[in-house]
Amino acid sequence: MGEVSSPEVLAVLEVLDREGQVRQSHRVTAWPVHIGRALDNDLSLPDPHVAAHHAVIDHGESGLVLQALQTHNGVQVGRRRLRGGERELLRDDGAPLELTAGRTHLRLRRAGEALPPEMPLAAAATWLRRVGPTLAAGTGLALALAFSTWLDSDPDTFARALGAAALTAVMGAALWVALWALLSKTFTRQTHADWHLKVFLIASLTWVVIAVVPDLLAFSLSWPWVGDFGFVLGYAVGAAALYFHLTAVEPGRLRLMRGVAVMAFIGGVGLTLWSNHQRSDRLGAELYMSHLFPPALRVAKPVPADRFVEGLAALQPVLDAKAKEAPLSDGGSGGSDEE
């Protein structure tokens, strides 16, 4: 009996994880290829966000055609999302094609595509590249925390204050990362704890830096408005950290996650501006520059005393108007205390 030749492989459809590594591979020996959650598909995906019969890839006269079937979530192809019933001709430029069905990332590799050269083994370099930013951010944050504690404490109590600050920082970081890891585990079945730790450390270090930079610029250049609105940078860092945390929770809906981060930034800035105006009738956070730095960092030219006194004259009408305002009664009513 002669040997049975194996069918020709036309393409390979791969299931990728979040890091781009292949978790499942399906050899395509004939078109069409059906994709879905049901067991009668050629590629069955255990993804609750994938329909029973989600999509089909077939070979037409002009090349491969992808069609989304009876699905509410559709299929993402590049920047376009195919809704149920829509079709699209897949590009054929000699490079693999990436698709997204539900929360599952797919890659289609066709026969004849050029393969990239083999990558050399570099385990140490790969490990350092992966954990390097986390180590650098953690080291920088630890040094910044130690320096801040040294400035705020006496020499006799520095060691105890540093220990308390370090314990608080470690416990806070552990709780924060654990909560985000729990969310990631709930939605993606993976904790991504290393990613959340990296985001936390980089965001915290950036926040420590921008907490000083606006006040330093305000002092050096005599730009008090920079210090008044320095909180805007803090909200920007918080919104960026929120976005990168959410990418591990909802990796398939990045546009929505960007919208959530932008809305959080706008809401935080708006509420702070409103609170400042209610508290002090001004939008800025500070009535005066409360941070004094070494005189050597001063760049702006000093103001002569007579010009400074002349500038105070503009405050006279404002102070007179405030003095004429009737004080509010303790009881919240304008009535007399007499019965």
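A few comments on the model shown:
- Hydrophobic long helices, here whole DSSP H runs in the chain with Kyte-Doolittle means of at least 0.0 and Cα atoms spread over 30 Å or more along the helix axis, are found at 123-152, 158-188, 254-280.
- Modelled FRET efficiency - R0 56 Å, TRP223 with GLN190, Cβ distances, 0.05 increments: 0.75
- Pair-distance distribution of the range 182-255: all C-alpha pairs, bin width 5 Å, starting at 0; shares per bin in whole percent are 3, 16, 20, 17, 13, 10, 8, 6, 4, 2, 0.
- Fully extending the segment from ALA136 to ASP40, taken as 0.36 nm per residue of separation minus the present Cα-Cα distance, adds 29.6 nm.
- VAL209, VAL12, ranked by accessible area, largest first (probe 1.4 Å): VAL209, VAL12
- Accessible surface of the chain, 1.4 Å probe, proportion on carbon and sulfur as whole %: 63 percent
- Taking 0.36 nm per residue of separation and subtracting the current Cα-Cα distance, fully stretching the chain between ASP156 and VAL212 would add 17.6 nm.
- Heavy atoms of the protein chains alone define the surface here; on that basis the chain has 68 Å² accessible area per residue at 1.4 Å probe size.
- As a length-normalised measure over Cα pairs under 8 Å and 6 or more apart, the relative contact order of the chain settles at 10 percent.
- Farthest toward the positive end of the dipole of the chain, out of LEU135, PRO7, SER220, is the Cα of PRO7, where the dipole comes from beta carbon charges about the Cα centre.
- Rg followed by Dmax, in Å, when the range 1-105 is reduced to its Cα trace: 14.3, 52
- Per-residue [θ]222 nm for the chain (sum of -39500 (n - 2.57) over DSSP H runs n ≥ 4, rounded to 500): -15500 deg cm²/dmol
- Rounded Å value of the spacing that divides the Cα centres of the range 52-75 and the range 131-197: 47 Å
- Residues in the range 38-53 carry Karplus couplings, in order, of 5, 6, 7, 7, 5, 10, 9, 10, x, 10, x, 8, 10, 6, 4, 10 Hz; the curve used is 6.51 cos²θ - 1.76 cosθ + 1.60 with θ = phi - 60°, and Gly or Pro positions show x.
- Reported label for calculated Kirkwood radius over Cα pairs in Å given (1) 26.3; (2) 20.2; (3) 23.1: (1)
- Spin-label pair SER275/ASP306, simplified geometry with 7 Å Cα→Cβ offset, distance in nm: 4.5 nm
- Using a probe of 1.4 Å, the accessible surface attributed to HIS26 totals some 40 Å² when neighbouring protein chains are kept in position.
- For MET119, solvent-accessible area (1.4 Å; no DNA, RNA or ligand), Å²: 150 Å²
- Surface listing: GLU61, GLU250, GLU310 arranged by accessible area from highest to lowest gives GLU61, GLU310, GLU250, probe 1.4 Å.
- Exposure ranking of LEU64, LEU39 by accessible area [1.4 Å probe, largest first]: LEU39, LEU64
- The equivalent ellipsoid that matches the C-alpha gyration tensor of the range 165-224 spans semi-axes of 33, 13, 7 angstrom, in descending order.
- Each residue was assigned an accessible area with a 1.4 Å probe, and for ARG258 the value is about 110 Å².
The values are calculated or read from the model by the stated rules, or taken from the named source; none is laboratory data. Keep in mind that what you see is a predicted model, and the values were worked out from it rather than measured. With ideal geometry, Cβ positions are generated from the backbone for all residues, glycine too; neighbour counts draw on all protein chains shown. With ligands, DNA and RNA removed, areas are computed over all heavy atoms of the protein, side chains included. Shrake-Rupley method; radii C 1.70, N 1.55, O 1.52, S 1.80 Å.
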